[in-house]
Every structure is written in structure tokens, then in C-alpha cells.
């Protein structure tokens, strides 16, 4: 289940065991709101970015079918 509480537990476990993420420079996600909030709470100093594949997929559905390249 990809809710805030599940992600909070998933991310808090390694941090509680000493993985503080001090050398993290960027965290790339699929934009899942259940993940974004815990990431900001646990690693507030790390920049976040949405994944390119998801962004392209979100944009592709906005293009009229007649204007799409083959394979989309």
C-alpha cells in the first residue's frame, strides 16, 4: 500500500538505524503524494525531482492522437 504512513515507516527505518542521508543530493520519485510528504519530513535538506518517464507519460496523453509519433 502506497500511503503516507507506509512510506513514513519505510523511510524512517533506515534513518533510525543511522542512514541519515547527509550525502544525498537528489531524490527522484514518481510524484506519489504518499511518498512526497514523508520524504520532505525525513530528508528535508534533499532536493526532489519527478522522474522523466512519468513526466513524459503525463505529457503524452495531452497530445492529440493525430499529432503523436508512432509508438506512443
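The values are calculated or read from the model by the stated rules, or taken from the named source; none is laboratory data. Everything numeric here is computed off the predicted structure, so don't read it as measured data. Reconstructed Cβ throughout: ideal geometry from the backbone, glycine too, with neighbour counts over all protein chains shown.
Scoring residue 7 on the criteria (1) outside any helix (DSSP H, G or I); (2) surrounded by 12 or more Cβ atoms within 10 Å (Cβ to Cβ); (3) modelled with pLDDT of 85 or more leaves a single failure, condition (1).
Would you confirm whether any residue within the range 52-67 is on the phi > 0 side of the Ramachandran plot and surrounded by fewer than 11 Cβ atoms within 10 Å (Cβ to Cβ)? Looking for residues that are on the phi > 0 side of the Ramachandran plot and surrounded by fewer than 11 Cβ atoms within 10 Å (Cβ to Cβ), one finds none in the range 52-67, hence no. Among the residues of the range 33-72 satisfying the criterion of being more than 18 Å from residue 13 (Cβ to Cβ) and in contact with a strand residue (DSSP E or B) (Cβ under 6 Å, 6 or more places away or on another chain), which is modelled with the highest pLDDT? Going through the qualifying residues, I end up with 47.
Annotation note: Cβ proximity below 8 Å between a residue of the range 56-72 that is closer than 21 Å to residue 31 by Cα and a residue that is assigned to a loop (DSSP other than H, G, I, E, B) and at pLDDT 70 or above (sequence gap 6+ or interchain) occurs for 60/68.
Mind checking which residues of the range 51-72 are out of contact with any helix residue (DSSP H, G or I) (no Cβ under 9 Å at 6 or more places or on another chain) and outside any helix (DSSP H, G or I)? Full working, then the answer.
Of the residues in the range 51-72, the ones out of contact with any helix residue (DSSP H, G or I) (no Cβ under 9 Å at 6 or more places or on another chain) are 51-67, 69-71.
Hits for the range 51-72 are 51, 61, 62, 63, 64, 69, 70, 71.
Of all residues in the range 11-40, those satisfying the criterion of being part of a helix (DSSP H, G or I) and either surrounded by 14 or more Cβ atoms within 10 Å (Cβ to Cβ) or within 14 Å of the chain's Cα centre (by Cα) (or both) are 11, 33, 34, 35, 36, 37, 38, 39, 40.
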